[in-house]
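Presented below is the structure to which this report refers.
The values are calculated or read from the model by the stated rules, or taken from the named source; none is laboratory data. Everything quoted here is computed from the prediction, not taken from an experiment. Cβ: placed from backbone, ideal geometry, glycine included. Neighbour counts: every protein chain shown.
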């Protein structure tokens with residue numbers, strides 16, 4: 001083998017194939033696999049400026065297996081890209097592809113999962129949650145609290161009920177979860193609005209499980225290099241501090 | 001390639017391998033797209049762009065590779081050291097390093113294609129400078145340029161402008177008044193639209209031009225430029241420089257212009273048309289070596 005401890009994988013999903021790369025832990029495995037689910041910005045799975053590849057390798061150093069994959073129709077996966085919307089019906093193709101990867105991981109003995117979702121990927125993680133029996137926790141970066149059509153409807157708005165219901169399930173399953181936003185994220189405005197209502201009650205009652213962090217600048221879309229580094233650091237630090245594995 | 005995965009698409013008549021290749025110090029990640037159950041008629045190595053262009057060009061290069069493999073061409077894609085899935089220190093990456101990576105990809109492609117298969121390099125954006133420089137080491141190799149960057153300095157100025165426009169739109173700090181060079185001098189790297197640009201790559205690229213990188217010998221050259229894009233450098237000075245080298249130059253106005261530095265289109269348009277033209281051009285290059 002000439003490469004790092006990383007293995008490319010091609011997972012059948014319907015008539016398509018989902019392409020991904022599995023990073024192995026550098027030392028003793030901690031038993032969990034971090035599944036990176038990034039947004040709908042058509043970035044290949046290594047992420048802008050290698051942010052996903054770097055995060056996977058950092059997680060590997062911390063004992064995690066980690067996988068980064070392209071949604072169908074993006075990057076090196078096959079298929080046509082789906083229309084990107086934040087409602088559960090339109091997320092279905094992305095969820096199907098993610099579940100195919102999770103199935104492949106489970107067949108290889110990696111069934112304890114920590115989804116790390118960014119933007120639309122955070123909603124994909126929450127949609128997948130009922131189908132993942134062994135969840136260790138979640139990291140949700142710039143998670144949209146509302147439902148919108150990607151880049152087509154007004155940037156802020158839409159019902160938050162689905163998001164609150166999913167976070168309620170997170171709490172019922174006693175899953176430690178990090179919600180990380182940038183104060184300039186357009187989705188943070190929605191989150192703050194939702195927090196002033198029913199979401200705020202849930203967060204207050206579940207502060208032992210749900211950690212909300214807000215950093216300066218943006219986390220969503222293509223953040224600055226400094227904030228990419230902050231996202232990697234905060235994710236790894238929080239997972240270590242909470243002992244999520 | 002090491003530690004690879006194979007995907008066979010019988011319906012499309014192609015097979016794809018993804019994995020690592022090159023030296024153990026900084027393994028490169030690459031993808032070989034080959035016709036299934038038949039020898040390749042030509043080998044094409046795709047030299048990708050850098051920085052923000054890399055993401056925007058990515059899917060069109062994947063689609064192009066699959067189209068060409070279906071038409072019988074072995075296509076080798078790769079990611080430069082310190083970029084994509086490849087390993088390597090981005091701070092130590094230089095333009096000669098990118099060229100070295102392209103040459104490693106050529107060697108891999110040659111090992112996978114029949115010995116008599118003609119060789120071509122395709123450079124996209126800054127990858128055009130890399131491909132042009134790499135062809136110096138492969139006499140007779142054909143050269144295709146897809147929306148080529150013709151001057152490194154102009155490219156970096158464009159990058160900085162795009163970052164400032166975005167920063168303004170997002171009400172962010174627009175960076176230092178002395179621009180990219182000042183930032184690079186001060187801390188050794190600069191943030192260019194969310195990508196790290198390191199001093200070593202900047203300094204080793206900024207003075208390069210397509211004219212300067214082109215090999216002296218004649219060779220077939222295809223320039224693919226979107227029909228809507230007007231670029232006098234391609235029709236004028238560059239074509240003259242190529243003609244002066246005795247190159248047979250074709251300029252194909254195909255596809256749609258990407259909004260470089262901003263958001264990629266969800267699915268690239270016109271790639272099948274570009275693949276068709278490349279396939280025909282490669283067949284012609286094989287029949288009439290320069």
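Does residue A:5 fit the bill of being surrounded by fewer than 18 Cβ atoms within 10 Å (Cβ to Cβ) and within 12 Å of chain B (Cβ to nearest Cβ)? Yes, satisfied. In this structure, does residue B:78 turn out to be under 17 Å from the mean Cα position of the chain (by Cα) and facing chain A (nearest Cβ under 8 Å)? So residue B:78 fails the test. In region A:58-74, the count of residues that are in a helix (DSSP H, G or I), within 14 Å of chain B (Cβ to nearest Cβ) and in contact with a strand residue (DSSP E or B) (Cβ under 6 Å, 6 or more places away or on another chain) is one or more. Within region A:203-245, being crowded, with 20+ Cβ neighbours inside 10 Å, over 24 Å from residue B:167 (Cα atoms) and modelled with pLDDT under 95 holds for one residue alone: A:244.
If the condition is being touching a strand residue (DSSP E or B) at 6+ places or on another chain (Cβ under 9 Å) and surrounded by fewer than 24 Cβ atoms within 10 Å (Cβ to Cβ), then region B:160-169 contributes B:160, B:162. Would a scan of region A:40-54 turn up a residue that is more than 10 Å from every other protein chain (Cβ to nearest Cβ) and in contact with a strand residue (DSSP E or B) (Cβ under 8 Å, 6 or more places away or on another chain)? No, the conditions are met nowhere in region A:40-54. Within this structure, residue A:29 passes the test of being more than 28 Å from residue B:93 (Cβ to Cβ), touching a strand residue (DSSP E or B) at 6+ places or on another chain (Cβ under 7 Å) and surrounded by fewer than 24 Cβ atoms within 10 Å (Cβ to Cβ).
When the residues of region B:171-192 are narrowed to those that are loosely packed, with under 15 Cβ neighbours inside 10 Å, within 14 Å of another protein chain (Cβ to nearest Cβ) and out of contact with any helix residue (DSSP H, G or I) (no Cβ under 8 Å at 6 or more places or on another chain), which ends up modelled with the highest pLDDT? Among them, the one singled out is B:187.
One residue stands out in region B:232-284 among those that are at pLDDT below 80 and in a helix (DSSP H, G or I): the one that is surrounded by the fewest Cβ atoms within 10 Å (Cβ to Cβ), namely B:232. Mind checking which residues of region B:61-81 are touching a helix residue (DSSP H, G or I) at 6+ places or on another chain (Cβ under 8 Å) and surrounded by fewer than 23 Cβ atoms within 10 Å (Cβ to Cβ)? Once the filter is applied, which keeps residues that are touching a helix residue (DSSP H, G or I) at 6+ places or on another chain (Cβ under 8 Å) and surrounded by fewer than 23 Cβ atoms within 10 Å (Cβ to Cβ), region B:61-81 yields B:63, B:67, B:71, B:72. Of the residues in region B:25-37, at least one is modelled with pLDDT under 95 and crowded, with 24+ Cβ neighbours inside 10 Å. Of the candidates A:89, A:11, the single residue that is more than 23 Å from residue A:237 (Cα to Cα) and at pLDDT 95 or above is A:11. Those strands (runs of 3 or more DSSP E) of region B:1-61 in which 3 or more residues are under 13 Å from the mean Cα position of the chain (by Cα) and in contact (Cβ under 8 Å) with a residue 40 or more places away in the chain occupy B:42-47. A residue that is surrounded by fewer than 24 Cβ atoms within 10 Å (Cβ to Cβ), modelled with pLDDT under 95, within 11 Å of chain A (Cβ to nearest Cβ) and within 28 Å of residue B:209 (Cα to Cα) occurs nowhere in region B:10-22.
Taking region B:103-206 and the strands (runs of 3 or more DSSP E) fully enclosed by it, the elements with 1 or more residues that are free of Cβ contacts under 8 Å to residues at least 40 places away in the same chain and over 17 Å from the mean Cα position of the chain (by Cα) are at B:189-192. If I filter region A:13-27 down to residues being within 11 Å of another protein chain (Cβ to nearest Cβ) and not in a loop (DSSP other than H, G, I, E, B), which single residue comes out as farthest from residue A:105 (Cα to Cα)? Filtering region A:13-27 for residues that are within 11 Å of another protein chain (Cβ to nearest Cβ) and not in a loop (DSSP other than H, G, I, E, B), the one farthest from residue A:105 (Cα to Cα) comes out as A:16.
Scan region A:182-201 residue by residue and report those that are outside any helix (DSSP H, G or I) and touching a residue at least 40 places away in the same chain (Cβ under 8 Å). Listed by number, the residues that qualify are A:182, A:185. Across region A:219-241, the number of residues qualifying as part of a loop (DSSP other than H, G, I, E, B) and more than 7 Å from chain B (Cβ to nearest Cβ) comes to 3.
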